[in-house]
Amino acid sequence: MKSLTARFLEILAATVDSLNIGLNPTFNPTIVVVSALILTGTVAFSKGFTLPVLILVVSVVLILLTRSPIRTWCKIPLLISVWATMVSVPLPFITSGQVITHMSLGWIKLEFTREGLDMMVTFVSRVAAAGAIFTSFAFIMGWRGIVRGLEGLRIPRELGLLLNLSIIHIPLFLREAAKMLSARESRIVRKIRLKEVWGVLSTVVGDLLLRSYERTWTLEKAIRARTFTPTGLSWKTPSAAVGIRDLLLLSFSLWILIVAVLGMV
Amino acid sequence: MLLRVENIYFKYPGGIEVLKGANFSADKGEVVAVIGPNGSGKTTLLLIAAGLLEPQKGLVLLGEKPLREQLPQARKRIGLVFQEPDDQLFNPTIYDEISFALRQLLSCEGEVDKKVRQVAEEFNLTGLLSRPPYRLSVGEKRRVTFASVLAYEPDVLLLDEPTANLSGKYVEETEQIVSHARDAGKAVVIVSHDVEFVAKVSDRVYVIKDGSVVGGSNAKSILSDESLLSLADMRPPLVLQTLRVLKPMLRDYPLTIKDLAEVTCARAYGDQ
């Protein structure tokens, strides 16, 4: 039976891999990336609840319209919300304002304030909405769509290549690490202590670093073998067509940005 | 000679000397094999021939001019197929993999698209164009490595262990690809320790041992020289091993199953 760590690595690889989908022809990747950046940025710096709630609704609508797996998608905003809640728990206790209730932990007296609670809820909703909208776009476009969108924004060609390499190699290396770990565990014939488990893990990390170095060395040769110009990789990414959906999405994003800047929501 | 590798000495930083005076040459329409045991420096020799490693001593000539002076433009004349497809394939999709070199050579995206689809059809990859290369089987990955290199029509084709980990069907495909490349006038250099494959496709063979070439001549005389092969820790082709049993009865030395059948038939008819 595989250990928890090996299983975790395999699941992580599958998760990263699941977003490595083909390019979605429904949307223009560049417009999607621009919209994602506008909406994520706007909601992350918004005030009040209206905009985060609106963006959350838009995220769900996008996922439903594109028939993406909503149950899988839900896990990410939920996880983000739990994390944000944990991080912001001290806020109601450290913010001064109208006291709702008192708490006593021995000699420590804590005051729970309405202003602190408001700040906490706003923070959690902003973080959850920002995570939700970006995840929706990532689900619709996949990693490759996002990279293609960034290439459309004229990021350096080398950076695009690097991001694509990461998309391919992160799951490969995670799986390799899981295999290495399983190979080591299969040779452990007695019950071992936690300290020894960490010893085994550290040998996997060392091996992984060596393999990464070797793979990088060969990969560099493979790229150079098919690079014919002294200036490197300089061609243009073929531009995708802009449809009515793209225009609607961009208009909506810009509208949200404008109303947020004007302080209307 | 289209490609000539002369007196190469190479040592990895902090490592042992991998190549000690290795040399080989290959001409248009010729398949040359460099055979030798694991760790004999075959892959390093191929990387040097492709201009990807700089030897400490020696010269690589492409079309009678030093390769070093022609880089990086000369790389479009050399196609290198790596032993491990995962090491060679670095693009997100097979389409991008095939078009990687073409986009540098062709100015119009329409031309690139047309060429990619033509090459994909040739290599039976049309239905796989949008898939990531690492999700394919080893045999399919091997096809993609050939397609991505042959798409830009290099004059020299360098193949590092092209049959490693391949099942019979894909080995046959590789044989056909090599034969087509020879017929198209390309110089093909294969490094391998698969003597069966080398016997089928190569015109000339060099034997490398501990970084030095210990023998080089036409395929038939090298692959039937058991003492030379054993010097390089290699076994002769299976047919030749079988032939040991039949040796007293035959006059010629076949290297392939087909040759053996012909010789045996000739012997049989001769007897009649």
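Every number in this text was worked out from the coordinates using simple rules, so none of it is lab data. Model, not experiment: these values are computed from the prediction. When we count neighbours, we look across all protein chains shown, and the Cβ atoms used for this are built from the backbone with ideal geometry, even at glycine.
Ratio of the protein assembly as shown's C-alpha Rg to 2.2 N^0.38 Å, to two decimals?
Rg over 2.2 N^0.38 Å, computed on Cα atoms: 1.28.
Note down the magnitude of the dipole of chain A about its Cα centre, charges +1 on Lys and Arg C-beta and -1 on Asp and Glu C-beta and zero elsewhere, to the nearest 20 debye.
The calculated dipole for chain A is roughly 840 debye.
Mind jotting down the distance between the C-alpha centroids of region B:202-227 and region B:105-151, whole Å?
What the calculation gives is 34 Å, centre to centre.
What number, in percent, do you get for the relative contact order of region A:17-154 if the mean sequence gap of Cα pairs under 8 Å and at least 6 apart is divided by its residue count?
Relative contact order for region A:17-154 comes out at 45 percent.
What fraction of the DSSP beta bridges in the protein assembly as shown is antiparallel, stated in percent and rounded to the nearest 5?
Working: 26 of 45 bridges.
Approximately 60 percent, going by the DSSP bridge assignments.
Can you list the HN-Hα couplings for region B:180-192, worked out from phi with the Karplus curve (6.51, -1.76, 1.60; θ = phi - 60°), rounded to whole Hz and with x for Gly and Pro?
Working through the residues one at a time gives 4, 4, 5, 4, 7, x, 8, 8, 10, 10, 10, 10, 6 Hz.
How many angstrom lie between the C-alpha centres of region B:50-67 and region B:163-195?
Spelled out, the Cα-based centre of one part sits 24 Å from the other.
Can you compute the modelled spin-label distance between A:I100 and A:W198, with each label point 7 Å from Cα toward Cβ, in nm?
Here the answer is 4.0 nm between the modelled labels.
In a GNM of chain A with a 10 Å cut-off on Cα contacts, which of A:I170, A:I192, A:I31 has the highest mean-square fluctuation?
A:I192
Using a Gaussian network for chain A with springs between C-alpha atoms less than 10 Å apart, which of these wobbles most: A:K47, A:K179, A:K221?
Checking each option, the largest mean-square fluctuation is seen for A:K221.
Once amide H atoms are placed 1.01 Å from N in the peptide plane, what residues at a sequence separation of 5 or more from B:K57, or on another chain, have their amide H within under 5 Å of its amide H?
Placed amide hydrogens put B:Y9 under 5 Å from B:K57.
Go through A:53-66, B:133-146 and give me the packing order, highest mean Cβ count within 10 Å leading.
So the peptides A:53-66, B:133-146, ranked by packing, come out B:133-146, A:53-66.
What do you get for the angle between helix B:257-271 and the principal long axis of chain B? Use alpha-carbon atoms, 0 to 90 degrees, nearest ten.
30
Take the alpha-carbon centre of region A:117-149, take the same for region A:240-265, and report the distance between them in whole Å.
A separation of 16 Å, based on Cα centres.
Mind sorting B:I8, A:I140, A:I223 by how few other Cβ atoms lie within 10 Å of their own Cβ, fewest first? Before the final figure, lay out the partial values.
Details: B:I8 27, A:I140 21, A:I223 18.
Listing B:I8, A:I140, A:I223 from fewest to most nearby Cβ atoms yields A:I223, A:I140, B:I8.
About its Cα centre, how strong a charge dipole does chain B have in debye, to the nearest 20, once Lys and Arg get +1 and Asp and Glu get -1 at the Cβ?
About 240 debye.
In chain A, which helices (entire DSSP H runs) extend 15 Å or more along their own long axis, judged by Cα positions, while averaging at least 0.5 on the Kyte-Doolittle scale? If you can, show how the numbers build up before the last one.
On the way: long enough: A:4-18 (21 Å, 0.97); A:29-44 (22 Å, 2.01); A:50-65 (22 Å, 3.11); A:70-88 (27 Å, 1.10); A:114-152 (45 Å, 0.74); A:157-185 (42 Å, 0.54); A:194-225 (46 Å, 0.15); A:244-261 (25 Å, 2.16).
Qualifying helices, which must be both long enough and hydrophobic enough, are A:4-18, A:29-44, A:50-65, A:70-88, A:114-152, A:157-185, A:244-261.
What's the ranking of B:126-132, A:123-129, B:23-29 by average number of surrounding C-beta atoms within 10 Å, highest first?
Packing order, densest peptide first, comes out as A:123-129, B:23-29, B:126-132.
Using Cα pairs closer than 8 Å and at least 6 residues apart in sequence, work out the relative contact order for chain A, in percent.
RCO, chain A: 34 percent.
For region B:46-62, just list the computed ³J(HN,Hα) in residue order, Karplus coefficients 6.51, -1.76 and 1.60, θ = phi - 60°, integers in Hz, with x standing in for Gly and Pro.
Ordered by residue, 3J(HN,Hα) equals 5, 5, 5, 4, 8, x, 9, 10, 9, x, 5, 8, x, 9, 10, 10, 10 Hz.
Using only DSSP helix segments of four residues or longer, with each worth -39500 (n - 2.57), what per-residue ellipticity at 222 nm results for chain A after dividing by its residue count and rounding to 500?
So the helix-based figure for chain A works out to -24500 deg cm²/dmol.
Working from Cα positions, state the angle (0 to 90°, nearest 10) between the long axis of helix B:94-105 and the longest principal axis of chain B.
70
In percent, how large is the relative contact order of chain B, given Cα pairs closer than 8 Å and 6 or more residues apart?
Relative contact order here is 25 percent.
Who wins for biggest fluctuation among A:N28, A:N164, A:N20 in a Gaussian network model of chain A, springs between alpha carbons below 10 Å?
Answer for the Gaussian network model of chain A: A:N164.
Helix B:109-122 versus the longest principal axis of chain B: what angle, 0 to 90°, nearest 10, using Cα atoms?
Result, in degrees: 20.
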